[in-house]
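First the structure, in the form of structure tokens, and then the observations on it.
The values are calculated or read from the model by the stated rules, or taken from the named source; none is laboratory data. As the structure is a computational prediction, the values presented were derived from the model and not from experiment. Every residue, glycine as well, gets a Cβ built from its backbone with ideal geometry; the counts of neighbours run over all protein chains shown.
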Amino acid sequence: MKYQLLLTTIFLISLSTLPAQAACNGGNPQSIAYIRRDNNRCEGIQPREVVSGINLISLVTRGIDKYPNLLTLLIPRLGNSTPEVTVESLNKNYLLDNLSLIQSQSRFTFPLKPDVLNKAAILPNTLRALAEVNSVYLPVTIGQPSGQYEFVFYTSNRAKFSTFEILRNSKVVYSKPRNNAQRGEVIFTWNGRKAPAGSYEIHVVAEQERIGRPPEKFDRRFKFEHNPKWLI
């Protein structure tokens, strides 16, 4: 009985660290609520919990300062798998996911009417996006490429990023630490136009402040694919 109670307690604690699961049902298409739209996506405002700790929330290249009549998302293909794509804006609780992507030989696309984005006053530079295939991240192009990648991490408490490295074949090709303590979104950029196509890795070491206790250290690695053609 005690063993069963212990397992139940561990299960409940693990659930408390997960983001709230958003329900995606039908609704008024004129609203900005998070609903199923045009039977090809879930989109809208959905209050959500952010997972504690330090997490990668975006890998994009973007080249827009205002929304066109049709905003296009571009995601490279990696093998035969369809990527999982999430677009969000944390400051307005905007969420776009469950996309029905259009597939071509070299990439996936998704054309998005920016009606909800405009109604909810979501600024283009606040959009964050992740595309993932088998634990490998693919850069999402929002509108047009900007010539550089934007890596965004979210830290639930103030943190210093003593290490931010990009590696290829275990060798560091770019490094830029951030030793001033920040909370919320922490943004790094990389101009990879001269770097060869292939598999890369992000290595982040950060110390997150804790009230009345020593800082908590995070040592994280993330794999991603790169091609200089995606930046031009």
Q) Quick one: is ASP65 surrounded by fewer than 18 Cβ atoms within 10 Å (Cβ to Cβ), closer than 16 Å to THR126 by Cβ and not hydrophobic (A, V, I, L, M, F, W, C)? A) yes
Q) Is one or more of the residues making up the range 194-215 touching a helix residue (DSSP H, G or I) at 6+ places or on another chain (Cβ under 9 Å) and surrounded by 14 or more Cβ atoms within 10 Å (Cβ to Cβ)? A) yes
Q: Considering each residue of the range 57-77, count those that are within 26 Å of VAL133 (Cα to Cα), hydroxyl-bearing (Ser, Thr, Tyr) and either at pLDDT below 95 or out of contact with any Phe, Trp or Tyr (no Cβ under 6 Å at 6 or more places or on another chain) (or both), and give that number.
A: 2
Q) Checking ARG178 against (1) among the charged types (D, E, K, R); (2) modelled with pLDDT of 95 or more; (3) buried (at least 18 other Cβ atoms within 10 Å of the Cβ), which single condition isn't satisfied? A) (2)
Q. Which one of these is modelled with pLDDT of 95 or more, within 17 Å of ASN227 (Cβ to Cβ), of a type outside the set (A, V, I, L, M) and under 16 Å from the mean Cα position of the chain (by Cα): PRO139, PRO145?
A. PRO139
Q: Could you tell me which residue of the range 120-151 is surrounded by the most Cβ atoms within 10 Å (Cβ to Cβ), considering only residues that are outside any strand (DSSP E or B) and among the polar types (S, T, N, Q)?
A: SER146
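One line per residue, one yes/no per condition, for (1) at positive phi; (2) among the β-branched types (Val, Ile, Thr); (3) in contact (Cβ under 8 Å) with a residue 40 or more places away in the chain:
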position: PHE188; (1), (2), (3): no, no, no
position: ARG193; (1), (2), (3): no, no, yes
position: PRO196; (1), (2), (3): no, no, no
position: ILE202; (1), (2), (3): no, yes, yes
position: ALA206; (1), (2), (3): no, no, yes
position: ARG213; (1), (2), (3): no, no, no
position: ARG221; (1), (2), (3): no, no, no
position: GLU225; (1), (2), (3): no, no, yes
Q | The listed residue being crowded, with 19+ Cβ neighbours inside 10 Å, outside any strand (DSSP E or B) and within 17 Å of the chain's Cα centre (by Cα), out of LEU99, LEU117 | A | LEU99
